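See structure below.
No value in this document is a laboratory result; all are computed from the given coordinates. These numbers come from a predicted model, not from an experiment. When we count neighbours, we look across all protein chains shown, and the Cβ atoms used for this are built from the backbone with ideal geometry, even at glycine.
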Amino acid sequence: MIHHIVCFRFLPGTTNDQIAAAEAALLGMAGQIPEIRSIRWGANLAPSVGEYSHVLVVAVDDMPAAIRYGDHPVHQQVVRDFIAPIREARLALDVEA
């Protein structure tokens, strides 16, 4: 099992409604991308919250599945329409669980 972990920092002026729409779109990928075994989203609770305010964790079977997930048209559309317009920075990590 691979956990694909993405930490997000949003542009100044990003609204709570924009973050909520991004959350809904990201979590909605679960029913549309077969590689997703589980998906979680939440606010960063760590003391470093100023660096990255939100975290996405997607579990997939293996690295080939992680690549298919990243390349999937639904994922690409969610990133393009909901994440890219509000993203200032991101940090993506893939770890074996």
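Mind checking the dipole of the chain: about its Cα centre, +1 per Lys or Arg Cβ, -1 per Asp or Glu Cβ, Debye to the nearest 20?
Dipole magnitude for the chain comes out near 160 debye.
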Percent RCO, i.e. relative contact order, over the chain, from Cα pairs under 8 Å lying at least 6 residues apart: 52
Could you tell me whether the chain comes out rounded, prolate or oblate from its Cα gyration tensor? Rule is a ≥ b ≥ c as square roots of the eigenvalues, rounded for a/c under 1.5, then prolate if a/b exceeds b/c, otherwise oblate. oblate
Fewest-first ordering of 19, 67 by Cβ atoms within 10 Å yields 67, 19
Under the Karplus relation with 6.51, -1.76 and 1.60 and θ = phi - 60°, whole-Hz ³J(HN,Hα) for region 52-66, x at Gly and Pro, equal 9, 7, 9, 9, 10, 10, 10, 9, 10, 5, 7, 5, x, 5, 5
Classify region 4-58 from the C-alpha gyration tensor, please: rounded if a/c falls under 1.5, else prolate or oblate depending on whether a/b exceeds b/c. oblate
In whole Hz, the Karplus estimates of ³J(HN,Hα) for region 36-43 (6.51, -1.76, 1.60; θ = phi - 60°; x where Gly or Pro) are 6, 8, 7, 8, 9, 9, x, 6
Give the residue from 72, 29, 8 lying farthest towards the positive end of the charge dipole for the chain; charges sit on Cβ (+1 for Lys and Arg, -1 for Asp and Glu) and the dipole is referred to the Cα centre. 8
Quick check on the chain: helices-only [θ] at 222 nm, where DSSP H runs of length 4 and up contribute -39,500 (n - 2.57) each and the sum goes over total residues. Nearest 500, please. -8500 deg cm²/dmol
Considering only DSSP states other than H, G, I, E and B, which trypsin sites (Lys or Arg not before Pro) in region 15-96 qualify as loop sites with at most 15 other Cβ atoms within 10 Å? 37
